[in-house]
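J.: One structure, pasted below without further comment.
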DNA sequence: AGTGCCAAGTTAACCGATTCAACGGTGTCC
DNA sequence: GGACACCGTTGAATCGGTTAACTTGGCACT
C-alpha cells in the first residue's frame with residue numbers, strides 16, 4: 001500500500017494525494033474527501049520514513065539516559081515524551097548503563113537513524129571531542145552537564161543552591177558529622193554537589209572528612225551498601241546528604257536493616273524529589289528538582305533548536321528547593337541535652 | 001554528506017561505495033580501504049532511514065508499555081533492549097499511561113515510523129479488531145495477554161501457578177482473611193490471578209469476600225491507599241496477596257504509616273520480584289516472574305517472526321515460583337496460641 | 001585465435017514520499 | 001478579444017541509499 005495506490009483509487013495523481021493528506025489549501029475539498037476515502041478503504045499507512053528522506057525531518061528525538069530504572073529518569077523520560085508527543089515527535093530511547101562504548105554505539109545508531117535531535121545524559125569521562133563531533137550532526141541538549149567550551153544547549157538543576165539548603169538544614173539541626181553518599185565522582189553533577197558540600201562545611205568551620213564521602217552506583221543497593229560501611233566506622237556520622245533519592249531510599253533501607261530509623265536515629269536527605277519520596281515512611285526530606293520539568297525543558301530546547309538552529313545557546317538551570325519531610329531530625333546526642 | 005560524496009572522494013561509483021561499506025566480497029580490499037578512508041576523512045554518517053526505504057528493514061522495534069516508572073517495566077525494557085541492541089536493532093519506546101487513545105496514537109506513529117515489529121502491553125479494554133488490524137501491518141508480540149482468536153505471538157508469566165504458590169503459603173501460615181490488592185480488573189492478567197485466588201480459597205473452603213478485593217492503580221500510591229481502606233474494615237484481613245511488587249511496596253509503606261509492620265503484624269506477598277524486593281526491610285516475599293527474561297523473550301519472538309514470518313505462533317509462558325523472604329508471617333492470633 | 005569464465009566495478013532502476021515548475025481551464029479586466 | 005491572474009492538478013525531479021543486470025579486462029584452456 002503506497003500513496004500511489006491511494007492516488008489511483010481516488011483517481012488523482014500521487015502529488016495531489018500527498019497534498020490532500022496534509023490538508024494543503026490548494027486541494028479542493030471534494031478531491032480531498034475522495035483521497036481520504038481511498039485511504040480509509042485501502043487501509044493505507046503513511047510512511048514517515050519515506051517522507052523524511054525528502055523533508056529532512058524525521059520527527060524523532062533520541063533520549064539517552066544511563067538507567068531506566070531510576071525513577072528520576074523515568075520521570076524525566078515521561079516529561080520529555082509528553083512534550084514531544086504533543087508536537088508530533090516520537091522518542092527513541094536508549095540506556096547506556098554508564099558505559100562509554102554503549103553510549104558511543106547508541107549515539108551512532110541514533111544519528112544513523114537520522115534523529116532530529118539528541119537529548120543526552122553524558123556518561124562520565126566522555127571526551128569533549130566526541131561531544132563536539134556528535135553535536136555537529138544534529139541539535140543536542142545536554143542533561144545536567146555544562147561545558148563552557150561547548151556551544152550546546154543544556155538543562156540542569158541548581159546543584160549548589162540545593163546542596164546549600166540541604167546542608168544548612170542538617171547543620172542547623174545540630175549535625176556535625178554529615179556523610180555525602182552515593183554517585184561516582186566522574187559525574188560533573190556530583191562534583192558540583194560535593195564542592196558545595198565542602199564549601200558549606202568550611203563556612204561552618206566543620207572539618208571535611210573524606211572517609212564520610214562514599215561513592216557508589218546510583219541505585220538503592222548502592223545506598224544500602226554505603227550506609228552499612230558508614231555505620232561500621234568508629235565515629236559514624238549522624239546524618240547523610242545523599243546524591244539522589246534512590247540512594248537515600250537505599251540508605252533508609254540499610255538503616256532499618258541495622259535496626260535504626262531515618263528521622264529518629266539518623267537524618268537522611270535526598271535529591272530529586274521523585275514521587276515515591278512522599279510515600280516512604282518516614283517520608284523523605286529532599287531537594288526538589290522537578291525531574292519531569294527537566295525532561296520537558298530538555299525537549300523544548302531540542303525542538304527550539306530544530307526550528308531555529310541559530311538561536312543563541314541556552315543553559316537552563318531549574319531552581320531547586322528543600323522539601324522538609326520526616327527523614328531528618330536532630331542528632332541523638334543533641335536531643336538528650 | 002552522502003554516499004555519493006564518499007564515492008566521489010574514493011573515486012568509485014556510489015554502488016561500489018555502498019557495497020564496500022557492507023563488506024561485500026565483490027569489492028577488492030584496496031578499494032574497500034579507499035572507501036573507508038573517504039568515510040573517515042569526510043565524517044560521513046550512514047543514513048539508515050534512506051537505506052530502509054529500499055531494504056524494507058528499519059531495524060527498529062517498538063515497545064509499548066503502560067508506565068515507565070514501574071520497575072517491572074524498567075526491567076522488561078532493559079531486557080528487550082539488550083537483546084535487540086545485540087542484533088543491531090534499536091528500540092522505539094512508548095508509554096500509554098493505560099490510556100486507549102494514547103495507545104492508538106502511539107501505535108499509529110510507530111507504524112508510520114515503519115517499525116519492523118511491535119511489542120505491546122495492551123491497554124485494558126482494547127478492541128480485538130484494533131489488535132487484529134495492527135497486527136496486519138507488522139509482526140506483533142503481546143505481553144501478558146493472550147487471545148485464543150488472535151494469531152500473534154505472546155509472552156506471559158504463569159499467573160495461575162504463581163498465585164497458587166503464594167496463596168498456599170499464606171493459608172499454610174494460618175491466614176484466612178487474605179486480601180487481593182491492586183490493579184484494575186480490566187487487565188487480563190489480573191483476571192487470571194483473581195480467578196486463581198478464588199479457586200484456591202474454594203479449595204480450602206474459605207469463603208470469598210469481595211470486600212477484600214481492592215482495585216487500584218499499579219503504583220506505590222495505589223497500594224498505599226488500598227491498605228488504608230482494608231485496615232479500616234471492621235474485620236480487616238491478616239495478609240495481602242498483591243497484584244505486583246510495586247503495589248506490595250505501597251502496602252508495606254501504608255502498614256508502617258498505620259504503625260504496623262509487614263512480616264510481623266501482617267503478611268504481604270508481591271508479584272514480579274523486581275530487584276528492589278530483596279532490599280526492603282522486611283524483604284518482600286514475592287512470586288518471581290523474571291521481568292528481564294520476559295523482555296528478552298518478547299524481543300526474541302519479535303526478531304524470530306521478522307526473519308520467519310510464517311513460523312508457527314508461539315505463546316511463551318515464563319515459569320513463576322515463590323521466593324520466600326521476610327514480609328510474611330502467621331497471623332497474630334495464630335501465634336498467640 | 002576463439003571461447004568461456006571470473007573478478008571487480010558500474011549503470012540505472014527502485015524504494016515511497018515531497019515539491020516545484022508547468023499546465024489547462026475559467027473568470028476578470030481593460 | 002486578448003492579456004492576465006488565479007485555481008486545482010499534475011509530471012518529473014529529488015531525497016540517500018540498495019541491487020539486479022550489465023560491462024570490462026584479464027586469464028586459462030583448447
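The values are calculated or read from the model by the stated rules, or taken from the named source; none is laboratory data. All values derive from a computational prediction rather than experimental measurement. Counting neighbours? That spans all protein chains shown, and the Cβs are built from the backbone with ideal geometry, glycine included.
J.: Exactly one condition in (1) more than 7 Å from chain A (Cβ to nearest Cβ); (2) in contact with a strand residue (DSSP E or B) (Cβ under 7 Å, 6 or more places away or on another chain) is not met by residue B:104; state its number.
T.: So the condition that residue B:104 fails would be (2).
J.: Moving on to the next point. Identify the residue in the range A:19-28 that is away from chain B (no Cβ under 14 Å) and closer than 16 Å to residue A:44 by Cα and, among all such residues, is farthest from DNA strand C (Cβ to nearest atom).
T.: A:20
J.: Suppose the filter is within 8 Å of DNA strand D (Cβ to nearest atom), within 14 Å of chain A (Cβ to nearest Cβ) and either over 24 Å from residue A:105 (Cα atoms) or not in a loop (DSSP other than H, G, I, E, B) (or both); does residue B:51 pass it?
T.: Here the answer is yes, as residue B:51 does meet what is asked.
J.: Now, a different point. Those residues that are farther than 23 Å from residue A:250 by Cβ and within 14 Å of chain A (Cβ to nearest Cβ), I need them from the range B:267-298; list them, please.
T.: B:295
J.: Out of A:39, A:35, A:45, which single residue is more than 11 Å from DNA strand D (Cβ to nearest atom) and part of a helix (DSSP H, G or I)?
T.: A:39
J.: Okay, moving on. Which residue is farthest from residue A:189 (Cα to Cα), if the candidates are limited to the range A:85-97 and must be without any contact (Cβ under 8 Å) to a residue 60 or more places away in the chain and surrounded by fewer than 21 Cβ atoms within 10 Å (Cβ to Cβ)?
T.: A:88
J.: Would you mention how many residues in the range A:240-258 are in a helix (DSSP H, G or I) and surrounded by 24 or more Cβ atoms within 10 Å (Cβ to Cβ)?
T.: Residues in the range A:240-258 being in a helix (DSSP H, G or I) and surrounded by 24 or more Cβ atoms within 10 Å (Cβ to Cβ): 10 in total.
J.: Hey, can you tell me all the residues within the range B:278-295 that are within 8 Å of residue B:80 (Cα to Cα) and surrounded by fewer than 21 Cβ atoms within 10 Å (Cβ to Cβ)?
T.: Matches in the range B:278-295: B:292 only.
J.: Separate question: Name every residue in the range A:32-47 that is within 7 Å of another protein chain (Cβ to nearest Cβ) and more than 8 Å from DNA strand C (Cβ to nearest atom), in order of residue number.
T.: none
J.: Could you tell me which residue of the range B:60-76 is surrounded by the fewest Cβ atoms within 10 Å (Cβ to Cβ), considering only residues that are outside any strand (DSSP E or B), more than 8 Å from chain A (Cβ to nearest Cβ) and touching a strand residue (DSSP E or B) at 6+ places or on another chain (Cβ under 8 Å)?
T.: Out of the qualifying residues, it is B:67.
J.: Could you tell me which of the residues B:282, B:309, B:237 is assigned by TED's automatic domain parsing to the domain that holds residue B:138 and outside any helix (DSSP H, G or I)?
T.: The match here is B:309.
J.: Identify the single condition in (1) surrounded by 15 or more Cβ atoms within 10 Å (Cβ to Cβ); (2) assigned to a helix (DSSP H, G or I); (3) within 16 Å of DNA strand C (Cβ to nearest atom) that residue B:82 does not satisfy, given that it satisfies every other one.
T.: For residue B:82, the exception is condition (3).
J.: Would you check if residue B:13 is facing chain A (nearest Cβ under 10 Å) and within 13 Å of DNA strand D (Cβ to nearest atom)?
T.: no
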